[in-house]
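Asker: Have a look at this one before I ask anything.
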Amino acid sequence: MTAVQPGEDGKALWQDALNLFFCGDKELIRYVQQVAGMIAVGKVFVEALIIAYGDGRNGKSTFWNTLAHVLGTYSGNISADALTVGCKRNVRPELAEAKGKRMLIASELEEGTRLNTSIVKQLCSTDDVSAEKKYKDPFAYTPSHTVVLYTNHLPKVGAKDAGIWRRLIVIPFDAKIEGKSDIKNYSDYLFRNAGGAILSWVIEGAADVIKHDFKIPLPECVQRAIKQYREDNDWLGHFLNERCEIGNSLQVKSGELYSAYRTFCADTGEYTRSTTDFYNALENEGFTRQKLRNGSFVTGLALGTKADVTDDFLE
């Protein structure tokens, strides 16, 4: 149940906080109100991982933790590393604890962490979630939660498929909260002095999103943030732009191309995909691979002058 009852006390205080967190952007404030309302409904209408992103001292943790405090037992937590490739433990017990929650908060990722796209797709979905409690039989449940990740560092995304990218919603937090605006334990302060007004604000957001059939248009700043995030994670595009030339009449030996790609990854610190993933990604971008008498070739591109080829993968 919620930790407070809806009310009006502290409404002006909460509006001031929203203007501080979101730099007075009315379009963005309405959007996050709709997101908060959608979360409170308790049924997944939009499959999304909400990523609140920005440098420190910008209000992102305060905003989401305040909402979590107001939502009471409807809110829960999940370890941020459970969303990452590097997590080796069984995460199903954590998924079991998510049953019945409206909002799951994950906080802070290390720089360079890679997102586990299969876990994200499972958690941010209308499909049943497979879970298990310790020493109990596995079970499945219909999700009622939305996952929110707030972080100073955006996770890397290796997959290029639409199934993951349509789920990733980046909400920018660009405020710089310093001086008199930097109130200690601000989340607790807002909860104590405006908790009822915050819950009323969430309920208004729910009514708004229901009225519009759960179709929530993305503000321009959110669209820009998502676009930039996707471009930054276009590992194949980065390689092609930096080390290749594109043209219908061009071709390159497959082994030479993959070797140049490995060198590029070593130079840039990028994660190196397998040959299967690499060639599949090329084909998805419209390049063709064919076997000729003198070897296997990729048509439509050639190595540029910056490319460095070793002998390890030459055919």
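The values are calculated or read from the model by the stated rules, or taken from the named source; none is laboratory data. All values derive from a computational prediction rather than experimental measurement. Every residue, glycine as well, gets a Cβ built from its backbone with ideal geometry; the counts of neighbours run over all protein chains shown.
Asker: Return the pairs, sorted by first residue and then second, in which the second residue is outside any loop (DSSP other than H, G, I, E, B) and among the hydrophobic types (A, V, I, L, M, F, W, C), the first residue lies in the stretch 78-92 and is farther than 12 Å from GLU108 by Cβ, the beta carbons are less than 6 Å apart, and the residues are 6+ apart or on different chains.
Answerer: Cβ pairs passing all conditions: ILE78/LEU104; ILE78/ALA106; VAL91/ALA82; ARG92/ALA131.
Asker: When you look at GLU256, is it farther than 28 Å from LEU115 by Cβ and either in a helix (DSSP H, G or I) or within 26 Å of the chain's Cα centre (by Cα) (or both), yes or no?
Answerer: Taking the combined requirement at face value, the residue satisfies it.
Asker: Could you tell me whether any residue of the stretch 242-249 is buried (at least 18 other Cβ atoms within 10 Å of the Cβ) and modelled with pLDDT of 95 or more?
Answerer: Within the stretch 242-249 (the criterion being buried (at least 18 other Cβ atoms within 10 Å of the Cβ) and modelled with pLDDT of 95 or more), the answer is yes, since at least one residue qualifies.
Asker: So, in the stretch 129-176, how many residues would count as being more than 30 Å from ARG30 (Cα to Cα) and without any contact (Cβ under 8 Å) to a residue 60 or more places away in the chain?
Answerer: Total meeting the criteria: 14.
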